[in-house]
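Below: one structure, written as structure tokens.
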Amino acid sequence: MKTSFVSNLAIQTAMRLTIQQTQAELLRRTQESTSGIHYDIGLTLGASTSRSLNLQRELDRMGSLKGTNAVVTQRLSASQGALETMQKAAEKVRDTLVTYKGNDSVDAMKILKSEVNGALQIFTSAANTSFNGEFLFSGINSDVKPLADYNSVPPSAAKAAFDTALSSYMSTNSLTDMSQFTPAQMQDFITTKLEPMFMGTDWDANWSDASSQNMTSRISASEVIESSTNANTKSFRMFALASVISSELMDKNVDSQVRNTLNNAAFGYMEQAIAGLNGERSSLGISESRVKKATTSIEAQEKLIKTHIIDVNGIDQEENATRVNMLKTQLDTSYALTSRLQQMSLLNYL
């Protein structure tokens with residue numbers, strides 16, 4: 001009969017290896033219990049890993065769109081606020097023109113001029129509103145201030161252009177003083193000289209540095225909207241034209257009928273400006289509504305994708321909990337056995 005000797009050191013080494021493996025698996029299982037998904041997606045899913053990655057990539061894209069929509073919503077809200085301020089300025093000028101219609105007194109005309117210049121300043125300031133370092137009404141030229149200050153010092157290009165146009169018209173028609181204007185001549189000056197300066201290329205040269213191409217934003221996989229307006233729209237031009245007529249000509253030494261012609265022209269242009277501003281606000285309001293609906297749709301899609309991700313990557317929590325308990329029991333047993341093996345010594349039997 002042959003006797004084989006077993007070293008307790010070999011047994012202890014095997015037990016330590018078992019403990020290490022059990023600890024590693026317990027760590028993975030515990031992390032899976034916390035996260036709810038597999039510890040190693042690639043190892044567990046194998047060929048199905050690509051499906052998981054595609055779902056996660058789609059979820060990230062949804063999150064990016066939601067972030068973009070939040071910025072677009074803030075930009076639209078800021079634009080609406082600025083347009084409301086501009087509309088109130090336009091209504092102020094209109095009401096002032098109505099109040100002083102038929103009043104030829106010097107004091108009344110001074111007040112009218114002051115009121116109009118104040119409204120023009122408010123309008124210009126609102127038109128140059130910026131958000132996140134971008135000017136709201138510059139179109140795609142978002143890094144450029146869109147509207148020039150007409151009453152700046154030194155005189156603006158727009159002011160110089162008006163003075164030149166008035167001087168040229170008076171010279172052409174042999175007028176040496178404003179009092180010599182007839183209603184027909186004043187109407188002709190407004191229609192043939194002033195209005196083209198605001199509706200044509202002179203507007204770009206003297207008033208606006210904005211682009212006529214509006215900013216666009218993708219709000220969903222299939223929707224792109226205009227998320228701004230610009231200072232080249234008709235409403236901006238009409239406000240500026242009405243303000244210049246009111247500020248520059250109404251207080252001059254002109255006949256009552258000529259002043260009435262000026263008042264009617266300025267009032268008509270300002271009404272067009274107000275209508276245009278209302279239209280711009282309505283368009284941006286529609287864009288706001290579309291962004292809100294798109295965000296709601298994205299959130300619904302996110303919920304579905306997250307559900308699919310859990311289905312693909314998720315673990316069976318009950319099974320995992322049972323396995324964790326088994327590993328803990330196994331680890332406790334291993335510790336106990338290791339302790340007993342370490343206590344085995346020939347010295348105890350000598």
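Evaluate the following for Tyr335: is it aromatic (Phe, Trp, Tyr) and modelled with pLDDT of 70 or more?
Answer is no for this residue.
Limited to the range 215-263, what total is found for residues that are more than 19 Å from Glu134 (Cα to Cα) and open to solvent by 10 Å² or more (accessible area, probe 1.4 Å)?
Total satisfying the criteria: 18.
I'm checking my understanding of the structure. Among residues of the range 47-63 that are open to solvent by 40 Å² or more (accessible area, probe 1.4 Å) and over 15 Å from Lys303 (Cα atoms), which one is modelled with the highest pLDDT?
Asn54
For Gln87, which of the numbered conditions (1) open to solvent by 50 Å² or more (accessible area, probe 1.4 Å); (2) under 22 Å from Glu134 (Cα atoms); (3) touching a Lys or Arg at 6+ places or on another chain (Cβ under 8 Å) fails to hold?
Here Gln87 meets the rest and fails (1).
The values are calculated or read from the model by the stated rules, or taken from the named source; none is laboratory data. What you are looking at is a predicted structure, and each value in this text was computed from that prediction instead of being measured. Don't worry about glycine lacking a Cβ; one is built from the backbone with ideal geometry, like all the others, and counts go over all protein chains shown. To get the accessible areas, we keep the full protein, side chains included, count just its heavy atoms, and leave off ligands, DNA and RNA. Shrake-Rupley method; radii C 1.70, N 1.55, O 1.52, S 1.80 Å.
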